[in-house]
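**Q** Just passing along the structure, written as structure tokens.
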Amino acid sequence: MQHRGDPNPFDEEDEVNPFSNGAGAGSKSQFPFRPSEPVGFGNKHDATVDIPLDTANDSKKKARELASWEADLKRREMEIKRREEALKSAGVSMEDKNWPPLFPIIHHDIAEEIPIHAQRLQYLAFASWLGIVLCLSWNLLAVMVCWIKGGGVKIFFLATIYALLGVPLSYVLWYRPLYRAMRTDSAVKFSWFFLLYLLHIGFCIFAAIAPPIVFHGKSLTGILAAIDTFSDHLIVGIFYLVGFGLFCLESLLSLWVLQKVYMYFRGHK
């Protein structure tokens with residue numbers, strides 16, 4: 001028997017219209033909307049672009065590190081500049097090597113550091129220093145030719161010592177003191193220059209004569225050595241004669257520079 005209120009097993013279930021708008025408040029949709037494809041812009045080739053968060057964080061971190069590095073570099077530059085300014089104000093010069101241009105080994109800037117009225121004299125002194133460099137270099141070449149022609153290895157060894165020691169010592173002992181004396185007008189540096197420049201002039205005169213004292217005088221290209229070598233080898237004698245002329249010119253130029261510097265020193269004291 002069928003009791004009242006029991007559902008009829010033969011009754012058809014109510015059709016559920018998914019497009020009906022009249023569903024009651026308590027009705028439930030049996031077909032929920034679940035798209036099987038990602039919603040895009042209507043293109044069937046739409047793809048999902050994944051941006052990893054770690055990559056973005058790394059980029060921000062590198063940018064912060066770069067900015068910090070630039071700030072630290074600017075701070076160091078400002079600190080170096082401040083120290084240079086302090087040294088300059090204290091009278092300490094920053095001597096960077098700038099000469100010769102192709103291979104800088106010394107600091108030399110007459111146009112910027114020497115007073116205008118003393119620049120010509122400083123250039124003359126610089127020419128004197130270049131002169132002794134040329135004399136010693138030619139002396140080494142001439143003695144090497146003499147050695148090849150049978151003059152002996154001892155004179156070549158002495159000529160090498162003259163060149164290797166004479167060039168740097170002449171710069172350190174008398175040219176650099178004069179350069180600094182011209183720049184700072186220091187009486188002590190002028191006195192040091194006068195003393196050692198006299199020794200330089202004495203060496204040039206001795207080399208121009210080349211008396212037969214040390215290994216018959218052939219380690220220096222003076223007039224006596226040139227006369228002695230002419231009888232044996234004409235070419236060697238010509239080399240020595242040129243060396244004699246160079247030492248004579250260097251002696252005359254050095255005497256002139258000494259006189260000019262002394263007049264300059266007396267006029268400023």
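The values are calculated or read from the model by the stated rules, or taken from the named source; none is laboratory data. From a predicted model like this one, the values you see are computed outputs, not experimental measurements. Cβ: placed from backbone, ideal geometry, glycine included. Neighbour counts: every protein chain shown. Quick note on the areas: whole protein, heavy atoms, side chains included, nothing else; ligands and nucleic acids left out. Shrake-Rupley method; radii C 1.70, N 1.55, O 1.52, S 1.80 Å.
**Q** Do me a favour and compute the ellipsoid semi-axes for segment 141-206 from its Cα gyration tensor, root of five times each eigenvalue, largest one first, whole Å.
**A** 34, 11, 7
**Q** Now for a different question. How many nm is it between the label spots at LEU255 and LEU195, if each spot is 7 Å from the Cα in line with the beta carbon?
**A** Each label point is offset 7 Å from its Cα along the Cβ direction, giving 2.5 nm.
**Q** Hey, another quick one. Roughly how many Å² is the accessible area per residue of segment 163-240, as a whole number, for a 1.4 Å probe?
**A** 49 Å²
**Q** Among ALA210, TYR240, SER254, whose Cα sits farthest toward the positive end of the charge dipole of segment 171-261 (+1 at Cβ of Lys/Arg, -1 at Cβ of Asp/Glu, about the Cα centre)?
**A** The listed residue farthest towards the positive side: SER254.
**Q** Using a 1.4 Å probe and counting only protein heavy atoms, arrange HIS107, HIS117, HIS233 so the residue with the most accessible area comes first.
**A** HIS117, HIS233, HIS107
**Q** Long-range amide H contacts for HIS108: which residues qualify at under 5 Å (H placed 1.01 Å from N, peptide plane, sequence gap of 5 or more or a different chain)?
**A** Residues meeting the criterion, in which the H sits 1.01 Å from N, are ASN98, TRP99.
**Q** Now for a different question. Any idea how far apart ARG75 and HIS117 come out in nm if each label point goes 7 Å out from Cα toward Cβ?
**A** About 4.9 nm, to one decimal.
**Q** Another one. So what is the diffusion coefficient of segment 194-269 in µm² per second by Stokes-Einstein at 4 °C and 1.567 mPa s, using a Kirkwood Rh over Cα pairs?
**A** 97 µm²/s
**Q** For ARG180, ARG75, ARG120, what's the largest-to-smallest order of accessible area, 1.4 Å probe?
**A** Highest to lowest solvent-accessible surface, that is ARG120, ARG75, ARG180.
**Q** In addition: Please report the Cα spread of segment 59-192 along all three principal axes, rounded to whole Å, starting with the longest.
**A** 78, 44, 21
**Q** Related question: Extending each Cα 7 Å along its Cβ direction at VAL167 and TRP99, get the distance between those two points in nm, one decimal.
**A** With each label point 7 Å from Cα toward Cβ, the separation is 1.6 nm.
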